[in-house]
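The values are calculated or read from the model by the stated rules, or taken from the named source; none is laboratory data. Just so we're clear, the structure is a prediction, and the values are computed from it rather than from any experiment. No Cβ is skipped: glycine too gets one built from the backbone with ideal geometry, and neighbour counts run over all protein chains shown. The accessibility values were calculated without ligands, DNA or RNA, using every heavy atom of the protein model including side chains. Shrake-Rupley method; radii C 1.70, N 1.55, O 1.52, S 1.80 Å.
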Amino acid sequence: MPELPEVETIKNELQPHIIGHRITGVTLFWEGLVRQPSVEEFCTRLIGQRLTEVARRGKYLIFSLTSGKALIIHLKMTGSLLLKSALAEPDKFIRAILHLDGETQLRFRDPRKLGVMWLVEDASPIIGKLGPEPLEAEFTPQILAQRLTNRTAPLKALLCDQGFIAGIGNMYADEALFAARIHPLRSGKSLYPDEVKCLHSTIQRVLWSAIKNKGASVENYFRPNGELGTAHFQFQVAHRLSGKLCPVCGTPIERIVVRNRGTYFCPKCQPQGE
Ligand SMILES: [Zn+2]
């Protein structure tokens, strides 16, 4: 559920509070969060480490440690990372706590227990296959055009494919396609050069705007201070119940399923075409 703008917001808002701080302890209420190494090694190798950097790649958070290892976190569907005083009561959905010096805790809240943590020397087996970062200079209209060539998959599926482009999921794929007036079932290779250019700029515009609004709190997404994001108030089609009206033309928004993903679009603004 948290996509690029939500994970970017979490990274930005954690940074000033955790960089330079030392991990003094680890409490796991749900050991299933730890993918690698063993739970015991995970805890002992974290304790005593100082956090030197936090970065984002796609929907992954990467915390660098003084040991040279990296703690990688994927929040999956319902995860959030909360900064709390050591005195605050943990709620029942807290699955792990990183105790930091200065009586601060970084709490991993995850109602559905789907989140994952890794502690690794080399992050590339986990993040190496991700596609380009949509907000980096490397992601140009030419690169998008190249990647769409010969692709027969529907655009909705391509935009949600982390190997095609990193960080986009259901919400921002629907928003970008609506803003570009492109039907979600059109194939990658069917786009005209002007449409590719337009999609490239709408992807960037939709993501930047959501970051500015601190992410979309449609389900369980919280910012590290416990507040909600407001990006969902800007949504034109995503997460609309079908039957709501298109904000541009007044036609009822439709919901279809594309490769198992609920997809919202306006049948008039986003014609299916040839
Ligand atoms: Zn419309």
Within the stretch 145-274, the percent of DSSP beta bridges that are antiparallel, given to the nearest 5, stands at 90
Taking Cα atoms, how many degrees apart are the long axis of helix 193-212 and the longest axis of the chain, rounded to 10 and kept between 0 and 90?
-> 40
So, in nm, how far is label Ala88 from label Gln162 when the simple model puts each one 7 Å beyond its Cα toward the Cβ?
-> 2.7
Listed highest first by mean packing, meaning other Cβ atoms within 10 Å per residue, what order do 245-252, 139-146 come in?
-> 139-146, 245-252
For the chain, what proportion of DSSP beta bridges, expressed in % and rounded to the nearest 5, is antiparallel?
-> 95
Bridge type composition, the stretch 1-149 - antiparallel percent by DSSP, nearest 5 | 95
When the accessible area of the chain is computed with all protein chains present and a 1.4 Å probe, what percentage of it is carbon and sulfur?
-> 50
Among rounded, prolate and oblate, which fits the stretch 87-129 when a ≥ b ≥ c are the square roots of the eigenvalues of its C-alpha gyration tensor, a/c under 1.5 means rounded, and a/b larger than b/c means prolate?
-> oblate
Magnitude of the Cβ-charge dipole of the stretch 196-264, K/R +1 and D/E -1, about the Cα centre, nearest 20 debye?
-> 180
Pull out a ≥ b ≥ c, the square roots of the eigenvalues of the alpha-carbon gyration tensor of the stretch 1-100, then state rounded if a/c is under 1.5, prolate if not and a/b is larger than b/c, and oblate in the remaining case.
-> rounded
Points 7 angstrom from Cα along the Cβ direction at Thr66 and Asn150: gap in nanometres?
-> 5.1
Per residue, how much space in cubic angstrom lies within the convex hull of the C-alpha atoms of the stretch 115-177?
-> 114
Accessible area per residue, Å², the stretch 76-130 with all protein chains present, probe 1.4 Å = 48
Given the peptides 171-178, 14-21, 44-51, 60-67, arrange them by the average over their residues of other C-beta atoms within 10 Å, most packed first.
-> 171-178, 60-67, 44-51, 14-21
Within-10-Å neighbourhood charge of Pro2 [Cβ basis; K, R +1; D, E -1] | -2
Go ahead and run the numbers for FRET between Gln234 and Ile19, Cβ-Cβ distance against an R0 of 22 Å, rounding to 0.05.
-> 0.15
For the pair Lys268 and Trp30, the simple spin-label estimate (label points 7 Å beyond Cα toward Cβ) gives in nm 4.4
Beyond 23 Å (Cα-Cα) in this structure, taken from Lys129/Lys212; Lys59/Lys212; Lys92/Lys113, we find Lys129/Lys212
Determine the distance separating the Cα centre of the stretch 74-127 from the Cα centre of the stretch 157-203; give it in Å without decimals.
-> 31
Could you calculate the contour length gain from Val120 to Asp194, that is, 0.36 nm times the residue separation minus the distance between their Cα atoms, to one decimal place in nm?
-> 22.4 nm
Write down, largest first, the equivalent ellipsoid semi-axes of the chain in whole Å, where each equals the square root of 5 times an eigenvalue of the alpha-carbon gyration tensor.
-> 36, 20, 15
Sorted by chain and then number, the residues having a modelled amide H within less than 5 Å of the amide H of Arg95, at least 5 places away or on another chain, are Phe108, Arg109, Asp110
Would you mind getting me the FRET efficiency between Arg112 and Leu245? Use the beta-carbon distance for r and R0 = 25 Å, nearest 0.05.
-> 0.20
Three-way shape label, the stretch 117-274, alpha-carbon gyration tensor, a/c 1.5 | oblate
